[in-house]
Amino acid sequence: QKEVEQNSGPLSVPEGAIASLNCTYSDRGSQSFFWYRQYSGKSPELIMFIYSNGDKEDGRFTAQLNKASQYVSLLIRDSQPSDSATYLCAVKGGLIFGQGTELSVKP
Amino acid sequence: GAVVSQHPSWVICKSGTSVKIECRSLDFQATTMFWYRQFPKQSLMLMATSNEGSKATYEQGVEKDKFLINHASLTLSTLTVTSAHPEDSSFYICSASREGISNEQFFGPGTRLTVL
């Protein structure tokens, strides 16, 4: 079982819609969870991190954590074509990455 | 703040040669630096963790004699790929973290290595 699993996609949503990205993890002891965005050929950039169960909002982004079910998700509201990228979930202090979900936002 | 640079941004070398990649934290002291490798369409794979002044800790399956890591100061870590072969061609990314900053990592821009 992989430590972090994500649906590789591609996930395609129309501009203005909500994009929902999901991530599950195997280590119940994980305390911190990170979402990164990675454009092709570039290094990851941090979107947000979350430690506590529930929702954490930052602008158009909302991270949701459910430790009992061992999943963390990222919602992107009012998706824009510029949001088209691969989104990486990371656990264990941000050191272990999922395979990433490719998001495509269509104009 | 929290800028990490890498040099070179890309390198092409012949099989059998060694390549050194530098990772610098420009505006902060990095207690720990990390090296990742990313193959096309795959995720980042942690290769090793390095702390200033001590030996790097390598992840399982990573050859420490092939991927030499030196963390000489709180702002500089280097990765040397020794006797590079075409299968070592990849995107190498470093990151750095600051003590007490919620485990947040700051990533360098990456180095694209192509071994002919």
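Averaged over peptide A:34-40, how many Cβ atoms belonging to another chain are found within 10 Å of each residue's Cβ? Spell out each step's value before the answer.
Values: counts 4, 0, 3, 0, 6, 0, 1.
Rounded to a whole number, the mean comes out at 2.
For a protection proxy built on the mean count of beta-carbon atoms within 10 angstrom, sort A:94-106, A:64-76 highest first, please. Don't skip to the answer; put the middle values down first.
Details: A:94-106: 21.0, A:64-76: 17.1.
In descending order of packing, they fall as A:94-106, A:64-76.
Of all aspartates and glutamates in the structure, the ones whose alpha carbon falls short of 19 Å from that of residue B:41, not counting any fewer than 8 places away in one chain, are A:3, A:5, A:45, A:83, A:102, B:87, B:88.
Per residue of A:41-49, how many C-beta atoms from partner chains lie within 10 Å of its own C-beta, taken as a mean? Across the residues of A:41-49, the mean count of other-chain Cβ atoms within 10 Å is 5. Name the residue from A:11, A:46, A:98 whose Cα lies farthest towards the positive end of the charge dipole of chain A, charges +1 on Cβ of Lys and Arg and -1 on Cβ of Asp and Glu. Result: A:98. How big is the dipole moment of chain A about its Cα centre under a simple scheme where the beta carbon of each Lys and Arg is +1, that of each Asp and Glu is -1, and everything else is neutral? Debye, nearest 20, please. Charge dipole of chain A: 160 debye, to the nearest 20.
Averaging the sequence gap over all C-alpha pairs within less than 8 Å and six or more residues apart, then dividing by the number of residues, gives chain A a relative contact order of 39 percent. Taking every DSSP bridge with both residues inside the protein assembly as shown, close to 90 percent are antiparallel. Net charge dipole, the protein assembly as shown: roughly 300 debye, given to the nearest 20, about the Cα centre with Cβ charges of +1 for Lys and Arg and -1 for Asp and Glu.
The ranking of A:33, B:39, B:107 from fewest to most other beta carbons within 10 Å of each one's beta carbon is B:39, B:107, A:33.
Checking Cβ-Cβ separations below 4.7 Å across the protein assembly as shown identifies B:13 as cysteines lacking any candidate disulfide partner.
Net charge of the neighbourhood of residue B:93, taken over other residues with C-beta under 11 Å away and scored Lys/Arg +1, Asp/Glu -1, is +3. For residue A:67, the lysines whose Cα falls under 19 Å of its own Cα, not counting residues fewer than eight places away in the same chain, are A:2, A:56, A:92. When we measure straight from the Cα of residue B:20, which lysines land under 21 angstrom away, once same-chain ones fewer than 8 places off are left out? Cα-Cα hits under 21 Å: A:42, B:55, B:64, B:66.
Counting partner chain Cβ atoms within 10 Å of every residue's Cβ in B:41-47, what's the average? It would help to have the intermediate numbers written out before the result.
Details: counts 5, 4, 15, 12, 2, 6, 0.
Counting other chains' Cβ atoms within 10 Å and averaging over B:41-47 gives 6.
Each value in this text was obtained by applying a stated rule to the coordinates, not by laboratory testing. Everything quoted here is computed from the prediction, not taken from an experiment. So basically every Cβ, Gly included, is an ideal-geometry build from the backbone, and we count neighbours across all protein chains shown.
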